[in-house]
Amino acid sequence: MAQDPKVVPIKPMIDKTAAPASESAQQSSLPYPMQAVRKRALGFFKVSLSRLFDNTDDSLFELAGRAATNAEQNLYFDTLRNIRLERERIISDCCNGLAQRLEKLNLPVTPETFAGYHLDTLSLVQPDELEQTVAVESMVKRVAERNDEPLAQLATRINSMVKRQVEAGDNPLAPAVLADIFIDAVTPLDMDIRVRLIMFKLFERYVFNPVDELYQQANELLAEAGVLPDLGAAGRRRSVVRPSRGDSGAVGGEGRLTGASREEGIAEHQVLGLFSSLLGKWREASGDAAMSLLDASSARSIASDELLDLLADMPMQTQGQSGQTVAALRGQIQQHLQHRQQMTGHRHSLERGDDDVISLVSMLFDFILDDPQLPVALKALIARMQLPILRVAISDKAMFSHSGHPARRLLNELARAAMGWNDQDDPGRDQLYAVLEGQVQRLLEEAHPTAELFAGLHAELSERVQQEQRRAERIEQRTCDTEEGRARLEAARAAVAAEMNTMLLGKTLPVFVVDLLRNGWTQVMQAAWLREGSESDAWRSVCEVARRLLDSMTPLRTEADRELRVRLNAALLTALAKGFERIGMDLAERERLLDGMQELQRVLLAAAPSDVRVSDVAAETLDDMAAGSEVGPAEPPAVSQVLQEVTIEAPLLEVPGQAAQAQTVEDLPSTAAQHWLTGLRAGSWFELTLEQGEPPIRCKLVAIISFSGKHVFVNRTGIKVAEYLSDDLTRLFDRGLIRQLDDNLLFDRALQSVIGNLRSLHEQRH
């Protein structure tokens, strides 16, 4: 096919964008095989993006020609001009972004920090953004599904060389990552959603459609360089097929655990391929060379089904024990192999895959049983599950890669169910413990456990745990509602006290007015804050009434002041009456306060200077104030009672919920404590020591009260066990009296730790 003439002017541009990549390649920290992959990927990305922009130009020009209106035509032409201007930058940003992500593979991992968020910062996804997200996710899914096996192999090979752990989905060459790089590069362009969707369709056509060849070439480059060269062949083999049995413990008709019977062997090698490549260093460091020495070229391998038969007989040898450890099983297997050699005169060994599985399961349980976050009672149960888990792992090695495997799910559910157990509790009196113990016993009694058995146990346990959680959540909700109400009340009291203290401090007022404000009007202000909030008109209105009341106590100066004061006093009495009525104040008390206020107003007006005279209109208003109010006639208080004054020299009301201020620098929380506090979230589990020297208890953070900053903790039944303000929590953290428990999946956490430890050991040896 002839070269399209429109592509010719782009060649200098490609060469120009290639410069940064080539320069960085000279200083690349990647292993040599990965540098070849990097070069191939960058070349592919540049050429594919150039084709994309060539066709974007044609597509937008054609759409502009078919536009129905001038506005729509101008939209396409303006966008076309912007894309032409930004084309070189976008290609450069994409290539540099891909190069940077590849370089990060071999850089030390830095822990990510959680900055936290507030609910008021969240917003709904806009329709255009949602439409773009759906379009991108759809095309990424299509590419990922058809390249599942090449991406898995590529991730496994990369993991064997670099410092960072990657999965098939977050591989820098994965379709989701390539799409993110492209989106980041084109985001600065001001484009209509219609144009964006066109560009994404072209991106799928000219980048994603030919990307399959890139994945194949990348795997070939690494295999030719000696990076797991047998991975592709191993991935095409299915895991061992066991003959079906006729008893109740038989595996499925396909001859292996049915939970992963239809998965290709490549799933196993996502973990086992990496594990095998790192295991040699561990064997040297731990001295665990017995099994690997038996795996010699002159030895006859024992098939996996024979090994499973051997493991099926081992519970009879250890009957009555609390659990058979994998380390003890390794010793028994070695004795069995030596016995066979004595009987037949031939050396026997395990298959390499089975040997690696035994080592991996041993490491996993070492991590689990050493985990300080697991309750002692749960460790006792999990210790007894080592043999059943080992049987499953040998039968179905995809268990290590398939996160939904029933055996993994059951082990994870066990840990989640027991998260709130305390070591000082009596397991014998716990109904959930009895259920878990019964399930473990059923696994031990089954010589050949099936995936259906694990799935059934998981469903049974999940249902039981959900029942307990529903009961606990109802109690937790009542606890949260109670604490929320109490916190709102404290916040309202604090707001009222702060406002009232500000208004009264330093003033000399009649005792009657001080009592009216402190014992009566503060209740009205508190009710307004609780009902409407501190930003409402109702709250501002009741605060204004209090300020007008204080203003009415100031001396008069002119006749105009007197007439205005009379009108304001009448409005003030009406506002006071409505406020007291709104909170349901006792009628007698309401009349007493309003009559006293009215009498005080009369006395203050009568005590004005002689040159200030009450006009006829003001006098009539003054006489009609009582008739205009909603209260009936009452005996006015004595004049001496309402004129007695007091000077407010200190805050009149105590502000509740104020945290104690740090007295010295040593009292201030550490930076680590402040950072830890910002990452807390409701629903997390903690180990908390209530008193120094007492055993810690496990509790869940069920609520963080926004009004007071109070953190409320409950036990596994939903009953409150402690509450702390933010400053108190940071002090506990600095004293080592509280620590957050990791609620991630137990099996996954153990697997990541084992692989991470082996990788560190491998790097130390190089």
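The values are calculated or read from the model by the stated rules, or taken from the named source; none is laboratory data. What you are looking at is a predicted structure, and each value in this text was computed from that prediction instead of being measured. In this analysis, Cβ positions are derived from the backbone assuming ideal geometry, glycine residues included, and neighbour counts consider all displayed protein chains.
Restricting attention to the stretch 510-549, the residues that are part of a helix (DSSP H, G or I) and in contact with a strand residue (DSSP E or B) (Cβ under 7 Å, 6 or more places away or on another chain) total 2. Exactly one residue among SER362, SER403 is of a type in the set (Ser, Thr, Tyr), outside the structural domain of LEU701 (by TED's automatic domain parsing) and assigned to a loop (DSSP other than H, G, I, E, B), and that residue is SER403.
Scanning for something crowded, with 19+ Cβ neighbours inside 10 Å, over 20 Å from the mean Cα position of the chain (by Cα) and either without any contact (Cβ under 8 Å) to a residue 24 or more places away in the chain or not assigned by TED's automatic domain parsing to the domain that holds HIS675 (or both), does the stretch 737-751 turn up at least one residue? Yes: one or more hits. Summed over the stretch 682-726, residues that are charged (D, E, K, R), modelled with pLDDT of 85 or more and part of a loop (DSSP other than H, G, I, E, B) total 2. Taken over the stretch 365-395, residues that are in a helix (DSSP H, G or I) and either among the polar types (S, T, N, Q) or without any contact (Cβ under 8 Å) to a residue 12 or more places away in the chain (or both) amount to 5.
Contact annotation: residue pairs with Cβ atoms under 9 Å, 6 or more positions apart or on different chains, pairing a residue in the stretch 426-446 that is closer than 18 Å to LEU411 by Cα with a partner that is surrounded by 14 or more Cβ atoms within 10 Å (Cβ to Cβ) and polar (S, T, N, Q), are LEU444/GLN324.
Might you let me know whether the stretch 387-409 holds any residue that is within 26 Å of LYS700 (Cβ to Cβ), crowded, with 16+ Cβ neighbours inside 10 Å, among the aliphatic types (A, V, I, L, M) and in contact with a helix residue (DSSP H, G or I) (Cβ under 6 Å, 6 or more places away or on another chain)? Among the residues of the stretch 387-409, not one is within 26 Å of LYS700 (Cβ to Cβ), crowded, with 16+ Cβ neighbours inside 10 Å, among the aliphatic types (A, V, I, L, M) and in contact with a helix residue (DSSP H, G or I) (Cβ under 6 Å, 6 or more places away or on another chain), which makes the answer no.
Just one of the listed residues (ALA492, ALA487) is in contact with a Phe, Trp or Tyr (Cβ under 6 Å, 6 or more places away or on another chain) and either modelled with pLDDT of 85 or more or assigned by TED's automatic domain parsing to the domain that holds HIS405 (or both), and it is ALA492.
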